[in-house]
Every structure is written in C-alpha cells, then in structure tokens.
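Each remark here refers to the structure printed beneath this line.
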Amino acid sequence: MATQSSTLYQLHIELENVQPAVWRRLLLPAEMRLSELHPILQAAMGWQDMHYYCFVTADQRFFTDEEVIDQGFDEWQDDTTARLQDVLTTTKSELFYEYDFGDGWRHRIRLEKSLPLIGAQPSEAICLAGENACPPESCGGVPGYERLVTILKDPQHDEYDELCDWLGTDSFDPAHFDKKSVNARLEAMHHYSPLLVHDELFEAFKSVQPEIDRLLKQGEFESDMIRQAFIDQFLLHIM
C-alpha cells in the first residue's frame, strides 16, 4: 500500500556512467519510506530485484537487512526507518541508490520539485517520463554492458549466439522505454503486491488477475498485512 501524504516529490533518477543516459522521472509521496521506494525504483528502471541494494547520502547509508547491519555495519541504518522527506529536504538535493554490489549499478536521485497533493490526485508512484532500457541483470556492470551492446550489434560475432542464449532473446533494445507499461506495473504493485516487480510473475499475474479480484472481493481480511500475505501466497503458488 502507498504511504498517504500531503506532499508529492518529483524525482529524476539516472543510472550513472551509462550512455545513452538511462533515466526516469517519478512522482510519489514525500512520506514514502526508503524501503518502499526500492521496489518502485526496480520496476521503473527495469530491474528484477535479484540483489542487495542500499541508499546513500553524504553522511548516511541505509540498508535492507537488519541482520547484516547487526554484524558490524554500525554506520549503516535500516531503510525502513527513513522517509524520502528526511533525506531529500530541498530542491536539487540528491540521494544515491546502489543496486547489485557486484555489478555496482549506482543511480543518482535528484529532487526536482515538491508539489501539494490536491483533490483526487493519486498518491501512489507514477512514472512521468524516461529514456532507454536498463541493462540486463548480472551482465558485468558498465564494462560488461558496453561489451554486450557491442556484440548484439554484430550477429557475426563469435559470442553472439551464446549471448542471445544467455539473454533469452536476440531482440534486446537498449533504446526501449514504454511509460505505459511501467505505470501498469507500478499500479499492479501498488494494488496487489511488490512481488510483481519480477517479469515472469507479472506475466503470470495477468492471466489470474480476475481470480485474485474475485477472491479478494469474497474474503474478509482482519488487516492489510493479512490481505497482502494472501495475495503474495497466491502469486507464489502460480509459479
């Protein structure tokens, strides 16, 4: 469920050191916790939530695993304890989102403007704009991605077929971006489950959504947490 907020933040997110630039512009609640922002960034950029991540400011690091924090990472904080408005306090202030510590993907998040929530404006995340596809998961960071793009441009390359097999496609398009599809994913994640960040699960969800809606309409759930657990278990069962 999205955080209820009286203020919306317009954020610009750009994946560093990748050309042409991979970026998104999002509108979302200023009171959103960083832990809630994580799946939104994953879906908006096109990642699959397969690796650790952290958020970084000039003097703080926010991580996702309390057990890891307790094992000597004293300067790291739990990302469920901080909200966007705590770390982005003025226009043009920045936050960094690091994903996959092996490949080392670093995203620069900049607050472009804050806006009042007026009338019936939605308070969940919305993608306003963006350009280019994010790299495939576990492709070797920036150098690996650059090499991947080079090989895919040359079907005669010795490693072309092997790379296509690894990707599962020969039609990866670095320039692809579909705002409508991103917002459909964000809406599904907001109303149903953050698990829908995964492509395979989201595709399966489309065929069973009517059944989920029927069961949710019939069911009586004591809390949002129980409702969420029911949806998550249903989704995991269909895979």
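The values are calculated or read from the model by the stated rules, or taken from the named source; none is laboratory data. Fair warning: this is a prediction, and the values are worked out from it, not measured in the lab. Methodologically, a virtual Cβ is constructed for each residue, glycine included, from the backbone with ideal geometry; neighbour enumeration extends over all protein chains shown. Heads up: the accessible areas ignore ligands, DNA and RNA and are worked out on the full protein's heavy atoms, side chains in. Shrake-Rupley method; radii C 1.70, N 1.55, O 1.52, S 1.80 Å.
For Val22, the amide hydrogen comes within under 5 Å of the amide hydrogens of Leu15, counting only partners 5 or more places away or on other chains and with H modelled in the peptide plane. Only protein heavy atoms count here; under a 1.4 Å probe, Asp165 has an accessible surface of about 130 Å². First check a/c for segment 74-117, with a ≥ b ≥ c the square roots of the eigenvalues of its C-alpha gyration tensor; if it is under 1.5, answer rounded, and if not, answer prolate when a/b is larger than b/c or oblate otherwise. Oblate is the answer for segment 74-117, as a/c is 1.5 or above yet b/c matches or exceeds a/b. Ranked by the mean number of other Cβ atoms within 10 Å per residue, highest first, peptides 39-48, 87-96, 102-111 order as 39-48, 102-111, 87-96. Backbone geometry of segment 161-167 corresponds, through the Karplus equation with coefficients 6.51, -1.76 and 1.60 at θ = phi - 60°, to 3J(HN,Hα) couplings of 5, 4, 5, 5, 4, 5, 6 Hz, x marking Gly and Pro. To the nearest 10, the accessible area of Asp49 is 60 Å² with a 1.4 Å probe.
Could you work out the relative contact order of the chain, using alpha carbon pairs under 8 angstrom and six or more residues apart, expressed as a whole percent?
Numbers: 378 pairs, mean separation 53.6, N = 239.
Rounded, it is 22 percent for the chain.
Temperature 37 °C, viscosity 0.692 mPa s: under these conditions the Stokes-Einstein estimate for the chain, based on its Kirkwood radius over C-alpha pairs, is 170 µm² per second. For Phe177, the residues whose modelled amide H falls within less than 5 Å of its own, excluding neighbours fewer than 5 places apart on the same chain, are Asn132. The Cβ shell under 9 Å around Leu95 holds other residues with a net charge of +1, Lys and Arg each +1, Asp and Glu each -1.
Heavy-atom accessible surface of Thr169, to the nearest 10 Å², is about 50 Å², with a 1.4 Å probe and all protein chains retained. Residues in segment 193-207 carry Karplus couplings, in order, of 6, x, 4, 6, 5, 7, 4, 4, 5, 5, 5, 5, 4, 4, 7 Hz; the curve used is 6.51 cos²θ - 1.76 cosθ + 1.60 with θ = phi - 60°, and Gly or Pro positions show x. The amide H of Trp105, built 1.01 Å from its N in the peptide plane, has Tyr99 as neighbours under 5 Å, considering only residues 5 or more places off or on other chains. Around the Cα centre of the chain, unit charges on the Cβ atoms of Lys, Arg, Asp and Glu (plus for the first two, minus for the last two) sum to a dipole of about 1260 debye.
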